[in-house]
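Read the structure below first, then the notes.
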Amino acid sequence: MKILIADAINEKGVENLKQAGEVVVQTDITPDELAETIHEYDGIVVRSRTKLTKEIIDRADNLKIIARAGVGVDNIDLDAATEKGIMVVNSPESTSITVAEHTMGLLLALARKLTIADKSVKEGKWEKKRFMGLELRNKTLGVIGMGRIGSQVVNRCKAFEMDAIVYDPYLPEDVAKQMGVVLTDLETVLKNADFITIHVPLTPETKHLISDNEFEIMKEEAFIANCARGGIIDEDALYTALSENKIGGAALDVYEDEPPAEDCKLFELDNIVLTPHIAASTKEAQRDAAIIVADEIIELANGGTPQNVLNMPRIDNTTYKKLIPYIELCDKLGSFISQAINGKIKELEVVYAGKLADVENIEFLTRAILKGAINPYLGTPINAVNAPLVANERGISIIEGKKNDARGYGSLIKVTARTNKETLSAEGTSLHEPRILKVNDYWVDVKPKGHMFIAKYEDIPGSIGKIGTALGERGVNIGIMQVGREKEEGKALMILTLDKEIPKDVIEEIRSLDNVFEAVRLEL
Ligand code: NAD
């Protein structure tokens, strides 16, 4: 293989890569130079500097693998790579410990007022009384999001003799038990924790998860740290909470705008510690990222299958072509069902009907469904290769079935999810684009795309109008509305596609309407 290293990575990774073939290091390559030469390479390694746009990928006639030494892949056009049959890999595990250690640094800086004490000494002062601190020992740590990083923070806090309580609605009880933590609801975490730390992805559900109401119920001395993503804490609400001493202090590594504006109000405050999105920046994390992606390329060069493939597993071309129209449908069905269902998914059952029942490698599609179902609430994109493993870790079992009758459609895919609270199914097909045709026993016909809303309500005059009014009053325009019902004046289901995201409080308002049983917003 001939591999281009287009962004600076750790030496060890460069050295290891030589086992895969010829290595060219050109870490100052310009977009024009890259476009001219990309056809020469079988593999490319980037970090975030090099942008692999559709235009560049379209010229990459020999490229088999794009390796991102790190996690985020915003600089790579994944769809263009998939279309061209190029595998994209990253190194999701490389930063967990590094971010967890940074979180510990922030918690300690808050408890011992390290940053302002440092500033004071450098100003020639000796204010011992001003900097009375707190121990971490015997304090309650509240963790929001117990994934890779959250669990590493808990491990470290145990060494500080802290007790951990966790809010993670997607983590099964038995997995939490194995990790030695107590799962609880968000309010209990906020009310009882002395130190709160956030490790969730930024999703419509977690945007402004911590805002005025949440600061109101925290302890007066509570400290909160966010090393996850900007926007999970509402910075206006944080400013009010800190300036009115509603909580003890806060530490941020991430911001709603990065970098924050020069006149950001948070800069005025003493009870906040700020770092410039460096939680993942250590030599070790960079070295590990380089080694991990080098291993992935070597694996491919030796005919094996890399582990951290973000866009597709390798299957033969003829099967892949047959499955192409259904890959997006599967991803959307999985995402739809996991966002619409109430409770933690324990079982996913998939039935393929019609022509798809004859495809041997159908597991490929099941993986796409799993990926769609798990991705909405995980920080690092799950890929079709590791989806079954992650599902297993999260206690989700998978049942696959086939049947011939597709009720007149070429193929139909039905996904049924079971949680501790309910069973929900969604059935769809691909008619040039994904369509959902049935949700539980309700017939609908909807494109699963963009901002959506689903509600169950009593089928009596006025129910639909009240929901429409609640949305209209907040300027949320309905694009398409589909309703289905069991029987006249029975239960009914409404699915809407909307022109913009529904604010959280509007959803709460709709949930509180008479005759509405459930209301959920979805992003597809
Ligand atoms: P992860 O996917 O392993 O874990 C995320 C956890 O959040 C999961 O357990 C999931 O069940 C949980 N979760 C999802 N939605 C939730 C909700 N609404 N409420 C509570 N829990 C919820 O991700 P990770 O690798 O641990 O990363 C965590 C966060 O850290 C992500 O936002 C990631 O982007 C961020 N991150 C930041 C940096 C940095 O430089 N500051 C570096 C790496 C990762």
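Quick look at the values:
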{"read-out": "Condition met for ILE29 (assigned to a loop (DSSP other than H, G, I, E, B), of a type outside the set (Lys, Arg) and over 30 Å from ARG156 (Cα atoms))", "value": "yes"}
{"read-out": "Filter result for VAL254 (touching a His at 6+ places or on another chain (Cβ under 6 Å) and at pLDDT 95 or above)", "value": "yes"}
{"read-out": "Residue among PRO503, PRO448 that is under 28 Å from the mean Cα position of the chain (by Cα), over 19 Å from CYS330 (Cα atoms) and not aromatic (Phe, Trp, Tyr)", "value": "PRO503"}
{"read-out": "Near pairs, Cβ below 6 angstrom, 6+ apart or cross-chain, from region 258-282 (within 26 Å of VAL153 (Cα to Cα)) to any residue that is modelled with pLDDT under 95 and polar (S, T, N, Q)", "value": "ALA280/THR95"}
{"read-out": "Strands (runs of 3 or more DSSP E) wholly inside region 428-524 that include at least 1 residues being in contact with a His (Cβ under 9 Å, 6 or more places away or on another chain), of a type in the set (S, T, N, Q) and closer than 30 Å to THR366 by Cβ", "value": "491-498"}
{"read-out": "Answer residue from region 341-355, given it is of a type in the set (A, V, I, L, M, F, W, C) and crowded, with 22+ Cβ neighbours inside 10 Å and is farthest from the chain's Cα centre (by Cα) among those", "value": "VAL350"}
{"read-out": "Helices (runs of 4 or more DSSP H) fully within region 130-243 counting 2 or more residues that are over 24 Å from ALA117 (Cα atoms) and within 12 Å of the ligand (Cβ to nearest atom)", "value": "148-159, 173-179, 186-192"}
{"read-out": "Counted residues, region 98-128 - those being touching a helix residue (DSSP H, G or I) at 6+ places or on another chain (Cβ under 9 Å) and within 11 Å of the ligand (Cβ to nearest atom)", "value": "4"}
{"read-out": "Residue in region 120-135 that is exposed (fewer than 14 other Cβ atoms within 10 Å of the Cβ), without any contact (Cβ under 8 Å) to a residue 60 or more places away in the chain and more than 24 Å from LEU269 (Cβ to Cβ) present", "value": "no"}
{"read-out": "Answer from ALA294, ALA285, ALA280 - the residue that is modelled with pLDDT of 95 or more, in contact with a Ser or Thr (Cβ under 8 Å, 6 or more places away or on another chain), of a type outside the set (S, T, N, Q) and crowded, with 17+ Cβ neighbours inside 10 Å", "value": "ALA285"}
{"read-out": "Of all residues in region 360-407 being within 15 Å of the ligand (Cβ to nearest atom) and of a type in the set (D, E, K, R), the one that is modelled with the lowest pLDDT", "value": "GLU393"}
{"read-out": "The lone exception for LEU63 - which of (1) assigned to a loop (DSSP other than H, G, I, E, B); (2) surrounded by fewer than 18 Cβ atoms within 10 Å (Cβ to Cβ); (3) away from the ligand (no atom under 13 Å from the Cβ) it fails", "value": "(2)"}
{"read-out": "Matching residues, region 463-487, being out of contact with any helix residue (DSSP H, G or I) (no Cβ under 9 Å at 6 or more places or on another chain) and in contact (Cβ under 8 Å) with a residue 40 or more places away in the chain", "value": "SER463, GLY484, ARG485, GLU486"}
{"read-out": "Test set (1) under 21 Å from GLY343 (Cβ atoms); (2) touching a helix residue (DSSP H, G or I) at 6+ places or on another chain (Cβ under 8 Å); (3) without any contact (Cβ under 8 Å) to a residue 40 or more places away in the chain - THR423 fails condition number", "value": "(2)"}
{"read-out": "Pairs where the first residue, in region 310-335, is part of a loop (DSSP other than H, G, I, E, B) and the second is aromatic (Phe, Trp, Tyr) and at pLDDT 75 or above, C-beta under 6 Å, 6+ apart", "value": "ILE315/PHE364"}
{"read-out": "Scan of region 68-95 for residues that are modelled with pLDDT under 95, within 16 Å of the ligand (Cβ to nearest atom) and not in a loop (DSSP other than H, G, I, E, B), ordered by number", "value": "PRO92, GLU93, SER94, THR95"}
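The rows are residues; the columns are (1) among the β-branched types (Val, Ile, Thr); (2) more than 30 Å from ASP194 (Cβ to Cβ); (3) in contact with a strand residue (DSSP E or B) (Cβ under 9 Å, 6 or more places away or on another chain); (4) in contact (Cβ under 8 Å) with a residue 12 or more places away in the chain.
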site: LEU4; (1), (2), (3), (4): no, yes, yes, yes
site: ASP7; (1), (2), (3), (4): no, yes, yes, yes
site: ASN16; (1), (2), (3), (4): no, yes, no, yes
site: LEU34; (1), (2), (3), (4): no, yes, yes, yes
site: ASP58; (1), (2), (3), (4): no, yes, no, yes
site: ASP61; (1), (2), (3), (4): no, yes, no, yes
site: LYS64; (1), (2), (3), (4): no, yes, yes, yes
site: ILE86; (1), (2), (3), (4): yes, yes, yes, yes
site: PRO92; (1), (2), (3), (4): no, yes, no, yes
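For every residue, the table says whether it meets (1) crowded, with 18+ Cβ neighbours inside 10 Å; (2) more than 18 Å from GLU205 (Cα to Cα).
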residue	(1), (2)
GLY468	no, yes
MET481	no, yes
GLU489	no, yes
ILE502	yes, no
ASP505	no, no
LEU522	yes, no
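Let's see how each residue does on (1) within 19 Å of the chain's Cα centre (by Cα); (2) not β-branched (Val, Ile, Thr):
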| residue | (1), (2) |
| --- | --- |
| ARG68 | yes, yes |
| VAL71 | yes, no |
| ASP79 | yes, yes |
| GLU83 | no, yes |
| LEU106 | no, yes |
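The values are calculated or read from the model by the stated rules, or taken from the named source; none is laboratory data. Here the structure is a predicted model, which means the values were calculated and not measured. Note that each Cβ is placed from the backbone with ideal geometry, even for glycine, and that neighbours are counted across all protein chains shown.
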